[in-house]
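Peer 1: The following block contains the structure, expressed as C-alpha cells.
The values are calculated or read from the model by the stated rules, or taken from the named source; none is laboratory data. Note that the structure is predicted; figures quoted are calculated from it, not measured. So basically every Cβ, Gly included, is an ideal-geometry build from the backbone, and we count neighbours across all protein chains shown.
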Amino acid sequence: MASFLGIFTMRNLLVLSLALNLSLVLRVVYEGGKDGGPHGFSVEEQRGPSMADMGFGKEAQATQRTRLSVSSSSDQDVMEKVINLDHGDPTMYENYWQQMGGRTTVVIPGWQSMSYFSDVKNPCWFLEPEFAKQIVRLHNVVGNAATDGRQIVVGTGSSQLFLAALYALAPEDGSEPISVVSAAPYYSVTKNLFTCWQIKAKSNASVMKPHSFAWLKCEDDHVEDCESFLRGYKILTRGGRHFGVGPKYVRISMLDRDNNFNLFVKRLSTIQS
C-alpha cells in the first residue's frame, strides 16, 4: 500500500477518479440512447407504460368520436321527434311555474283522497272542496268570471267542459235540439260531438279572434291535404275540415313549450327550402 501511494500522488488519484466517473456517465448516456429513452435520461419514466401504451390515446380518440357521434345522433333524434301541435295543451306556462319554485307546491295528506266521494253535498261529488274554494277565490281576484250562485264544471279539456256545461243547461224534455252559437275556431270542432248530445250547431260567431291558435295554409298546388302533408314530416296539426274550411288549412296550437315551437319553426323552414 505504501509503495502504491508512493507511485500515485493525490493529483494522479484525482485525475483517475474523474476519468472513471466520466466513463460511467458516457456509458449511461450511450445505453440510454440505444434504449430509445427520451433524451436518454428518463429511466424512471420508462418503468411505467406510457399513456399510449396503456390505451389512453385510443380512449381519448374513441371519446372524441363518441362525442361527435352522440352530437350527430342527438341532432338526428331532434329531427325525428314528433311535434304535436294538434291540441291546445297549455305547456307554454310550464317554465313560469317552474320559476315560482316552492311557492306553487301543494301538499295533500295521504289520507285525504281515499274516498271516491270528496264532497257528497256537491253535484260534482268528486271535486275536492278546498280546491273548489281556491278556484272561486282565483276568479274573484282576477275578476274574469262571475262566481256567485255558480257551479264549477270539471273536465280534462275545453271540449269536455263545453259539453258538460251544455248538458247541464239543456232541458231534459226539449222538443228539438238546442241551438248553439260559438266562436270559431274554438268549438267548431265539436260540431260532430253535438250530434251525439242532440245539440245543433247553428252558426259560428267570428267576433272573437283567438290568439291561442294559428292558421297555416299549404299553398303548393301539389298539396291537397295540408294535415297529411305535415304529418309526413312528423308535425301533427288539426285539419281545416274540422273547422268548416278546406283541407289546405291546418290549425296549429300556440300553447306548446318554447323549445317545441322553435323546433317546429326550424323544421318548417327546412320543408320550405
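Peer 1: VAL189 - would you say it is at pLDDT 65 or above, within 34 Å of the chain's Cα centre (by Cα) and hydrophobic (A, V, I, L, M, F, W, C)?
Peer 2: no
Peer 1: In the range 229-270, what count of residues is obtained for those that are among the charged types (D, E, K, R), under 24 Å from the mean Cα position of the chain (by Cα) and in a helix (DSSP H, G or I)?
Peer 2: Residues in the range 229-270 being among the charged types (D, E, K, R), under 24 Å from the mean Cα position of the chain (by Cα) and in a helix (DSSP H, G or I): 4 in total.
Peer 1: Turning to a different aspect of this structure: Out of (1) under 17 Å from GLY88 (Cα atoms); (2) at pLDDT 80 or above; (3) of a type outside the set (Val, Ile, Thr), what's the single condition that is false for SER228?
Peer 2: Checking SER228 against (1) under 17 Å from GLY88 (Cα atoms); (2) at pLDDT 80 or above; (3) of a type outside the set (Val, Ile, Thr), the one that fails is (1).
Peer 1: Related question: Can you find, within the range 128-174, the residue that is surrounded by the fewest Cβ atoms within 10 Å (Cβ to Cβ) among those that are of a type in the set (S, T, N, Q) and closer than 27 Å to GLN112 by Cβ?
Peer 2: Going through the qualifying residues, I end up with THR156.
Peer 1: Scan (1) surrounded by 14 or more Cβ atoms within 10 Å (Cβ to Cβ); (2) in a loop (DSSP other than H, G, I, E, B) for the single condition HIS222 breaks and write down its number.
Peer 2: Looking at each condition in turn, HIS222 falls short on (1).
Peer 1: Only residues that are surrounded by 10 or more Cβ atoms within 10 Å (Cβ to Cβ), assigned to a helix (DSSP H, G or I) and modelled with pLDDT of 85 or more: list them for the range 64-99, please.
Peer 2: Within the range 64-99, THR91, MET92, TYR93, GLU94, ASN95, TRP97 meet the criteria.
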